[in-house]
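The values are calculated or read from the model by the stated rules, or taken from the named source; none is laboratory data. Predicted model only: the values in this text are computed from it and were never measured. Here the Cβ is made from the backbone with ideal geometry for all residues, glycine too, and neighbour counts use every protein chain on show. With ligands, DNA and RNA removed, areas are computed over all heavy atoms of the protein, side chains included. Shrake-Rupley method; radii C 1.70, N 1.55, O 1.52, S 1.80 Å.
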Amino acid sequence: MDEKCTMQNLLLTTKGACDLYLHGTIESSTGEVHQVFDSALNQCLNMQESIYQEMMQKGWYQQQQVEKEKLVKVKNQFSGIS
């Protein structure tokens, strides 16, 4: 397995862990449990950002520019404006 594939797998795994920590935070039954999940979520999000930045620097994670009109359309759609 090459480095790019390893980084892609690591990013996907980290995103999955973030999702689990988010749900744990939301569903926490006590403040203490909420704090533990919230802390883990923040650490995991920081890890995800680091992996993403490294992949961007190496050209392994491409972004697409979105036209401003499309952004305005989506914003209006979700804000209830037609």
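When the inverse distances between all different Cα atoms of the chain are averaged and flipped, the Kirkwood radius reads 15.3 angstrom.
Helices in the chain, meaning DSSP H runs of at least 4 residues, each add -39500 (n - 2.57). Divided by all residues, the mean residue ellipticity at 222 nm is -26500 deg cm²/dmol.
Put a dot 7 Å past the Cα of Glu69, heading toward its Cβ, do the same for Asn42, and the two dots end up 4.3 nm apart.
The charge dipole of segment 1-45, taken about the Cα centre with unit charges on the Cβ atoms of Lys, Arg (+1) and Asp, Glu (-1), comes to about 100 debye, rounded to the nearest 20.
Averaged over its residues, the chain has an accessible area of 81 Å² per residue, based on protein heavy atoms and a 1.4 Å probe. Just checking the listed ones, Lys70, Lys58, Lys15: in the Gaussian network model of the chain with Cα springs under 10 Å, the one fluctuating most is Lys70.
Surface listing: Ile51, Ile26 arranged by accessible area from highest to lowest gives Ile26, Ile51, probe 1.4 Å.
Comparing Glu54, Glu27, Glu67 in a Gaussian network model of the chain, where Cα atoms under 10 Å apart are tied by springs, the biggest mean-square fluctuation is seen for Glu67.
The residues Met56, Met7, sorted by heavy-atom accessible surface at 1.4 Å with ligands and nucleic acids left out, run Met56, Met7 from largest to smallest.
What you get for segment 25-82, charging only the Cβ of Lys and Arg (+1) and of Asp and Glu (-1), is a dipole of about 420 debye around the Cα centre. Subtracting the Cα-Cα distance of Phe78 and Tyr61 from their residue separation scaled by 0.36 nm leaves 3.4 nm.
Of the solvent-accessible surface of segment 1-65, computed with a 1.4 Å probe over protein heavy atoms with every protein chain present, carbon and sulfur atoms account for 54 percent. Comparing Leu71, Asn42, Gln53 along the charge dipole axis of the chain, the residue lying farthest to the positive side is Leu71, per the Cβ-charge model.
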